[in-house]
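Here's the structure, in structure tokens; my notes come after.
The values are calculated or read from the model by the stated rules, or taken from the named source; none is laboratory data. Small disclaimer: the values here were computed from a predicted structure and weren't measured. Every residue, glycine as well, gets a Cβ built from its backbone with ideal geometry; the counts of neighbours run over all protein chains shown.
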Amino acid sequence: MAKYDTVIKNGTIIDGTGLPRITGDIAVKDGKIAKMGRIDVADAEEVIDATGLIVAPGFVDLHTHYDAQVHWDPYCTISGWHGVTSVAIGNCGFGFAPARKESRERLLQMMVRTEQIPYDTMVAGMGLDWDWESLPEWMDHLDALPKGVNLLSYVPLNPLLVYVLGIEGAKAGRQATPDEQGEMNRLIDEAMDAGMMGFSFQRFGKNSIQSDFDGTPMPTDVMPDETILAFSDLLGKRGDGFIQLLNAKNGDAVSSGAQNEDRLFIEEIARRTGRPILFNALIASDTKGEENVHNETMAWIDSCFERGLRVYGQAVTVRAPFIFTLEDWNLYDSSPSWSVATVGTLEERTAKLSDPEIRKQMIAEEGKLVTTGVGGPIEGIIIEDTPGYPELKKYHGRTLGDIAKEEGKHHIDAMLDIGVAGGLKVLYRTADIGSNDPKKVGELVRNQHVIPGLSDGGAHTRFFTGGSFTTELLTWLVRETGQLTLEQAHFRLSYLPAQAAGFTDRGFLREGAPADIIVYDFQNLRRTPEVDYEIAHDFPANEWRRIQRAEGYRWIMVNGQVTFKDGVCTGATPGELLRLNRVGTSAQA
């Protein structure tokens with residue numbers, strides 16, 4: 001009988017800790033790294049020849065929305081194609097537990113507009129006959145699912161608020177009674193005892209940039225300060241857990257960082273908990289007047305650590321545009337008039353987007369739009385395609401600003417005129433989100449308090465493919481521009497997020513660690529297609545999504561089993577539910 005299940009031979013090993021690369025072998029036995037060094041292949045049941053290849057820890061993605069998709073896609077693609085071996089779900093306060101039977105459809109609806117996950121897809125892929133109600137039961141449900149990646153889960157605060165306060169009370173931002181607050185605290189305590197990693201929320205106020213299916217704010221958007229601080233005190237008392245937040249109740253966290261009042265509130269959360277906070281989102285911008293916004297936000301985060309407050313920033317590092325139609329676009333919800341105009345059926349949207357008075361308001365509120373994080377100013381948007389409307393072909397490849405100037409109208413009028421004429425099916429293409437300047441993005445990811453990513457994997461499925469950020473970072477910021485070394489890149493893509501989130505036995509290659517390992521051809525690594533998307537009709541209910549695959553990952557291994565070989569899925573589902581805070585599982589940070 002072979003001594004080892006697999007030996008990875010002659011690879012260039014980058015262990016994820018930041019130490020220099022070495023050449024050597026790795027032996028895997030029973031899902032763990034059994035030995036590193038020089039190993040006799042005669043002791044192996046299977047040998048992977050990694051000569052000339054990089055051997056590194058699998059990537060860790062702390063910001064995804066695969067809560068639904070994992071039910072029909074165990075590999076959580078597109079992330080699983082790009083070397084990600086562990087993902088966190090339950091981000092931004094969205095999720096499916098706790099959930100009474102009568103709330104199930106409503107929780108699915110919360111994912112439709114904000115995260116753009118089709119309702120029919122979720123119903124077909126998950127069903128509505130759920131075998132869970134409580135958060136521990138949700139964890140047991142996740143545990144039982146076949147998984148091609150490891151899963152972690154936050155306690156999502158939207159369903160928690162609905163469960164205790166009711167949908168009307170939660171949506172109104174009602175202050176919890178002492179008994180209700182005590183019950184919510186108990187549920188979080190119970191969930192974390194079952195292995196959940198902390199809690200998550202978004203908080204954008206009444207004019208939320210990520211609103212509910214009907215255009216109203218999410219429960220967490222209007223959640224009282226006292227409620228959040230009570231949850232924070234709970235984590236401080238427990239001494240464990242992690243918080244993910246998007247907070248801009250009094251400002252715009254996406255384009256310019258949270259304003260001072262928001263930052264003070266985040267600092268208070270960090271002070272009360274004593275736990276790591278993942279602040280979303282840091283974006284380097286090329287927009288005039290915002291060229292240095294990332295430096296200003298990084299300075300604030302650095303100052304938090306100087307004062308003993310563990311506020312990590314999560315940065316957008318992927319070059320990718322949004323491609324959208326007015327039939328399903330919603331990322332301008334920070335403007336009340338845009339939010340109202342883009343809610344409803346196709347017919348209702350068309351009527352509102354054609355209404356001169358509504359348009360006047362949309363134009364007047366352009367200054368309220370968050371555009372940096374969604375591809376820059378509106379006038380720079382390009383008409384990508386006008387399917388089924390050949391008379392509009394003359395606009396293909398042109399910016400709205402150019403069209404508006406030629407036709408003597410405002411660029412928003414130009415956008416809406418063409419969109420309405422094209423049945424709201426006109427494809428618009430934004431500039432890439434964030435910056436295309438590798439020096440700026442390099443500044444972000446070299447910061448020791450910044451975690452690259454913000455993939456939003458599983459969300460915005462018709463708009464963009466942020467789940468390819470791992471491959472993009474290695475090719476653009478390491479190979480092509482030299483902003484990072486490979487050692488720095490793997491530290492930030494694996495070790496740093498794992499350690500910050502508290503699953504301290506992963507994110508690196510070391511004897512005794514779980515064998516989450518990628519073996520790849522650095523010189524031939526790439527996203528495919530490199531600068532665009534494919535359309536895949538692979539979602540339940542005959543729905544489609546935009547995807548980018550990867551080339552160059554020769555082997556992707558999760559807990560010692562190969563899940564992808566040269567981009568082809570093996571069918572193995574060795575992923576685990578990572579339960580934190582429990583005896584016998586990962587240690588705490």
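Out of the residues in segment 405-424 that are among the aliphatic types (A, V, I, L, M) and touching an Asp or Glu at 6+ places or on another chain (Cβ under 7 Å), state the one that is farthest from I358 (Cα to Cα). Give the steps one after another, and end with the answer.
First, the residues of segment 405-424 that are among the aliphatic types (A, V, I, L, M): 412, 414-416, 418, 420-421, 424.
If we keep only those that are touching an Asp or Glu at 6+ places or on another chain (Cβ under 7 Å) as well, we get 412, 414, 424.
On the way: I412: 12, A414: 15, L424: 16 Å.
Ranking the qualifying residues of segment 405-424, first place goes to L424.
Kindly indicate whether Y520 is under 12 Å from L474 (Cβ atoms), among the hydroxyl-bearing types (S, T, Y) and either more than 23 Å from the chain's Cα centre (by Cα) or crowded, with 21+ Cβ neighbours inside 10 Å (or both).
yes
Only one of R554, R546 is touching a strand residue (DSSP E or B) at 6+ places or on another chain (Cβ under 7 Å), more than 29 Å from E115 (Cβ to Cβ) and assigned to a strand (DSSP E or B). Can you tell me which?
Working: R546 fails: more than 29 Å from E115 (Cβ to Cβ).
Only one candidate passes the filter, namely R554.
When you go through T51, T23 one by one, which is the residue that is at pLDDT 95 or above, surrounded by fewer than 13 Cβ atoms within 10 Å (Cβ to Cβ), β-branched (V, I, T) and not in a strand (DSSP E or B)?
Answer to the selection: T51.
Please go through segment 37-48 and give me each residue that is part of a loop (DSSP other than H, G, I, E, B) and among the aliphatic types (A, V, I, L, M), ordered by number.
If the condition is that a residue be part of a loop (DSSP other than H, G, I, E, B) and among the aliphatic types (A, V, I, L, M), then I39 is the only one that fits.
Name the helices (runs of 4 or more DSSP H) wholly inside segment 117-227 in which the number of residues that are more than 30 Å from W338 (Cα to Cα) and in contact with a strand residue (DSSP E or B) (Cβ under 8 Å, 6 or more places away or on another chain) is 2 or more.
Counting at least 2 such residues, we get 135-144, 178-193.
Taking the criterion of being β-branched (V, I, T) and at pLDDT below 95, would at least one residue in segment 353-371 satisfy it?
Scanning segment 353-371 turns up at least one residue that is β-branched (V, I, T) and at pLDDT below 95.
Taking the conditions exactly as written (crowded, with 24+ Cβ neighbours inside 10 Å, under 23 Å from L187 (Cα atoms) and hydrophobic (A, V, I, L, M, F, W, C)), does I89 satisfy them or not?
On the way: crowded, with 24+ Cβ neighbours inside 10 Å: yes; under 23 Å from L187 (Cα atoms): yes; hydrophobic (A, V, I, L, M, F, W, C): yes.
Criteria met by I89.
Confirm whether R462 is buried (at least 18 other Cβ atoms within 10 Å of the Cβ) and not β-branched (V, I, T).
In short, yes.
Give the residue that is surrounded by the fewest Cβ atoms within 10 Å (Cβ to Cβ), with candidates limited to residues of segment 138-152 that are without any contact (Cβ under 8 Å) to a residue 60 or more places away in the chain and over 13 Å from G95 (Cβ atoms). So that I can check it myself, show each step before the final result.
The initial filter retains those residues of segment 138-152 that are without any contact (Cβ under 8 Å) to a residue 60 or more places away in the chain, namely 138, 140-141, 144.
Applying the additional criterion that residues be over 13 Å from G95 (Cβ atoms) yields 140, 144.
Numbers: D140: 14, A144: 10.
Restricting to residues being without any contact (Cβ under 8 Å) to a residue 60 or more places away in the chain and over 13 Å from G95 (Cβ atoms), the top hit is A144.
Tally time: how many residues in segment 116-137 are surrounded by 19 or more Cβ atoms within 10 Å (Cβ to Cβ) and either hydroxyl-bearing (S, T, Y) or in contact with a Cys (Cβ under 8 Å, 6 or more places away or on another chain) (or both)?
Result for segment 116-137: 1.
So is D538 out of contact with any helix residue (DSSP H, G or I) (no Cβ under 7 Å at 6 or more places or on another chain) and either on the phi > 0 side of the Ramachandran plot or assigned to a loop (DSSP other than H, G, I, E, B) (or both) or not?
For D538, the condition - out of contact with any helix residue (DSSP H, G or I) (no Cβ under 7 Å at 6 or more places or on another chain) and either on the phi > 0 side of the Ramachandran plot or assigned to a loop (DSSP other than H, G, I, E, B) (or both) - is not met.
Given the structure, is T12 over 26 Å from L145 (Cβ atoms), surrounded by fewer than 17 Cβ atoms within 10 Å (Cβ to Cβ), polar (S, T, N, Q) and modelled with pLDDT of 95 or more? Steps first, answer last, please.
On the way: over 26 Å from L145 (Cβ atoms): yes; surrounded by fewer than 17 Cβ atoms within 10 Å (Cβ to Cβ): no; polar (S, T, N, Q): yes; modelled with pLDDT of 95 or more: yes.
For T12, the condition - over 26 Å from L145 (Cβ atoms), surrounded by fewer than 17 Cβ atoms within 10 Å (Cβ to Cβ), polar (S, T, N, Q) and modelled with pLDDT of 95 or more - is not met.
For segment 351-368, give me each residue that is part of a helix (DSSP H, G or I) and under 31 Å from the mean Cα position of the chain (by Cα).
Answer for segment 351-368, where residues must be part of a helix (DSSP H, G or I) and under 31 Å from the mean Cα position of the chain (by Cα): L353, M362, I363, E366, G367, K368.
How many of the residues in segment 369-409 are closer than 15 Å to A431 by Cα, in contact (Cβ under 8 Å) with a residue 40 or more places away in the chain and in a strand (DSSP E or B)?
3
Could you tell me which numbered condition Q548 fails, if it satisfies all but one of (1) crowded, with 19+ Cβ neighbours inside 10 Å; (2) in contact with a Pro (Cβ under 6 Å, 6 or more places away or on another chain); (3) polar (S, T, N, Q)?
Failed condition: (2).
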